[in-house]
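Here the structure is laid out as structure tokens; the discussion comes afterwards.
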Amino acid sequence: MNIVQTIEELRALRWADPSLTWGLVPTMGALHEGHLSLVRRARAENDRVAVSVFVNPTQFNNAADLEKYPRTLERDCELLAAEGCELVWAPTELIMYPPGYQTTIIVEAITKLLEGAHRPGHFAGVATVVAKLFNAVEPTRAYFGQKDAQQVAVIKQMVRDLDFNLEIVVCPIVREPDGLAMSSRNTRLNPAEREAALVLNRSLAAAVAEWESGRRDADHLRASMLALLEAEPLARVDYVSAADPATLQELTGPVESALLSMAVYIGDVRLIDNMLVGVE
Ligand code: PAF
């Protein structure tokens, strides 16, 4: 497995044989089973797999969060080598944002809701870095997890709007055996918080059960999630949503499908999770 830093090294390997298809898995490192499931899917669907590892400062709207973000490149590379990944690209901040850097990509309406409303500037940072990753690697396909449902929607919008020539592949959320959605942030939870964090999955599952029993009213689904979250003393709700899966606009009254999502602080760790209902 090749581990490179510069865009020149990356491109030399990427274009050594132009006939090969490449899958790109963009990450910020601290890899877990969720990331590895994306790598396995990319492995199955492409001749070669590249994984980018870059903790992108411009998508953090909280300096403490950026500082605390786990950085485990050596272990990440061991995991990726074991998955048969061919190329790890781990650029420095100076390579991605050299002195004089000036360009930001703003995706409009879809970034103003949910995560975007609570994390100003976050999606401008995500869209910009993902565009740079796409331009540097020029992958055939790029792989993202459904856990970051709005990120997926924003990236798909950007790919359509800016005519990127690649396919976006969305992979299911990977959960711990007890239901907690895998996240690099989970390592920051103490044992009591780790237990309390199960409330996200529990409240989503309860809303899905309500949906399946025929109570398909968006206000009721939101209220049902909120009631369970508020009963957990270690949880502080940032938002709870039942939104249109395509536009992410909040829904009200009876609905045919919904993206049920939430952001919840457990202690000082902000966790997100979601489930879709009524979507094939
Ligand atoms: O999902 C992530 O880990 C990041 O937002 C991404 C897509 C790698 C961009 O920095």
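The values are calculated or read from the model by the stated rules, or taken from the named source; none is laboratory data. Please read these numbers as outputs of a predicted model, since none were measured by experiment. Cβ placement follows ideal geometry from the backbone for every residue including glycine, while neighbour counts extend to all protein chains displayed. SASA here: full protein model, heavy atoms, side chains in, ligands and nucleic acids out. Shrake-Rupley method; radii C 1.70, N 1.55, O 1.52, S 1.80 Å.
Considering 195, 167, which residue is open to solvent by 10 Å² or more (accessible area, probe 1.4 Å), in contact (Cβ under 8 Å) with a residue 24 or more places away in the chain and under 25 Å from residue 36 (Cα atoms)?
Numbers: 195 fails: in contact (Cβ under 8 Å) with a residue 24 or more places away in the chain.
Answer to the check: 167.
Looking only at region 90-100, decide whether some residue is among the aliphatic types (A, V, I, L, M), more than 13 Å from the ligand (Cβ to nearest atom) and modelled with pLDDT under 95.
No, there is no match, as no residue in region 90-100 is among the aliphatic types (A, V, I, L, M), more than 13 Å from the ligand (Cβ to nearest atom) and modelled with pLDDT under 95.
If I filter region 149-166 for residues that are among the polar types (S, T, N, Q), modelled with pLDDT of 95 or more and more than 13 Å from the ligand (Cβ to nearest atom), do I get at least one hit?
Within region 149-166, the first condition is being among the polar types (S, T, N, Q), and the residues that meet it are 150-151, 157, 165.
Narrowing the set further to residues that are modelled with pLDDT of 95 or more leaves 150-151, 157, 165.
From what's left, more than 13 Å from the ligand (Cβ to nearest atom): 157, 165.
Yes, region 149-166 has at least one match.
Among the numbered criteria (1) outside any helix (DSSP H, G or I); (2) under 24 Å from residue 146 (Cβ atoms), which one does residue 18 miss?
With respect to (1) outside any helix (DSSP H, G or I); (2) under 24 Å from residue 146 (Cβ atoms), residue 18 is out only on (2).
Between a residue in region 93-107 that is within 19 Å of residue 26 (Cβ to Cβ) and any residue that is open to solvent by less than 60 Å² (accessible area, probe 1.4 Å) and in a loop (DSSP other than H, G, I, E, B), which pairs come within a Cβ distance under 7 Å, given they are 6 or more apart or on different chains?
What qualifies is 95/6; 96/54.
For the list (1) surrounded by fewer than 17 Cβ atoms within 10 Å (Cβ to Cβ); (2) at pLDDT below 95, I need the number of the one condition that residue 45 fails.
Unmet for residue 45, out of (1) surrounded by fewer than 17 Cβ atoms within 10 Å (Cβ to Cβ); (2) at pLDDT below 95: (2).
Starting from residues that are touching a residue at least 60 places away in the same chain (Cβ under 8 Å) and open to solvent by 30 Å² or more (accessible area, probe 1.4 Å), keep the ones in region 48-63 and report whichever is farthest from the ligand (Cβ to nearest atom).
Ranking the candidates gives 61 first.
Which of the numbered conditions does residue 77 fail, given that it passes all the others? Conditions: (1) closer than 22 Å to residue 188 by Cα; (2) within 14 Å of the ligand (Cβ to nearest atom); (3) open to solvent by less than 20 Å² (accessible area, probe 1.4 Å).
Answer for residue 77: the failing condition is (2).
Is it the case that residue 84 is closer than 21 Å to residue 141 by Cβ and away from the ligand (no atom under 15 Å from the Cβ)? Don't jump to the end; show me each part of the working.
Working: closer than 21 Å to residue 141 by Cβ: yes; away from the ligand (no atom under 15 Å from the Cβ): yes.
Yes, satisfied.
Which of the residues spanning region 8-32 are in contact (Cβ under 8 Å) with a residue 60 or more places away in the chain, more than 16 Å from the ligand (Cβ to nearest atom) and either at positive phi or not charged (D, E, K, R) (or both)?
13, 21, 22
Can you find even one residue in region 39-47 that is part of a loop (DSSP other than H, G, I, E, B), more than 20 Å from the chain's Cα centre (by Cα), within 16 Å of residue 144 (Cβ to Cβ) and of a type outside the set (Phe, Trp, Tyr)? Write out each step before concluding.
From region 39-47, those part of a loop (DSSP other than H, G, I, E, B) are 46-47; that's our starting set.
Next cut, more than 20 Å from the chain's Cα centre (by Cα) only: 46-47.
If we keep only those that are within 16 Å of residue 144 (Cβ to Cβ) too, we end up with 46.
With the extra rule that they be of a type outside the set (Phe, Trp, Tyr), the set shrinks to 46.
Yes, the conditions are met somewhere in region 39-47.
State which residue pairs qualify: first residue among the polar types (S, T, N, Q) and inside region 132-149, second residue within 11 Å of the ligand (Cβ to nearest atom) in any location, beta carbons under 7 Å apart, and separation of 6 or more residues or different chains.
Filtered contacts from region 132-149: 146/152.
Would you pick out the residues in region 170-192 that are open to solvent by 50 Å² or more (accessible area, probe 1.4 Å) and either β-branched (Val, Ile, Thr) or in contact with a Ser or Thr (Cβ under 6 Å, 6 or more places away or on another chain) (or both)? Spell out the reasoning first.
Taking region 170-192 and keeping what is open to solvent by 50 Å² or more (accessible area, probe 1.4 Å), we get 172, 175-178, 187-188, 190-192.
Within region 170-192, 187 is the sole residue that qualifies.
How many residues are touching a residue at least 60 places away in the same chain (Cβ under 8 Å), open to solvent by less than 30 Å² (accessible area, probe 1.4 Å) and either under 11 Å from residue 200 (Cα atoms) or of a type in the set (Asp, Glu) (or both) when one looks only at region 234-269?
Qualifying residue count, region 234-269: 5.
Applying the selection to region 33-42, what residues are away from the ligand (no atom under 11 Å from the Cβ), over 17 Å from residue 133 (Cα atoms) and open to solvent by less than 20 Å² (accessible area, probe 1.4 Å)? Reasoning before the result, please.
Within region 33-42, the first condition is being away from the ligand (no atom under 11 Å from the Cβ), and the residues that meet it are 33, 36-37, 39-42.
So of that shortlist, the ones also over 17 Å from residue 133 (Cα atoms) come out as 33, 36-37, 40-41.
Of everything in region 33-42, just one residue is away from the ligand (no atom under 11 Å from the Cβ), over 17 Å from residue 133 (Cα atoms) and open to solvent by less than 20 Å² (accessible area, probe 1.4 Å), namely 36.
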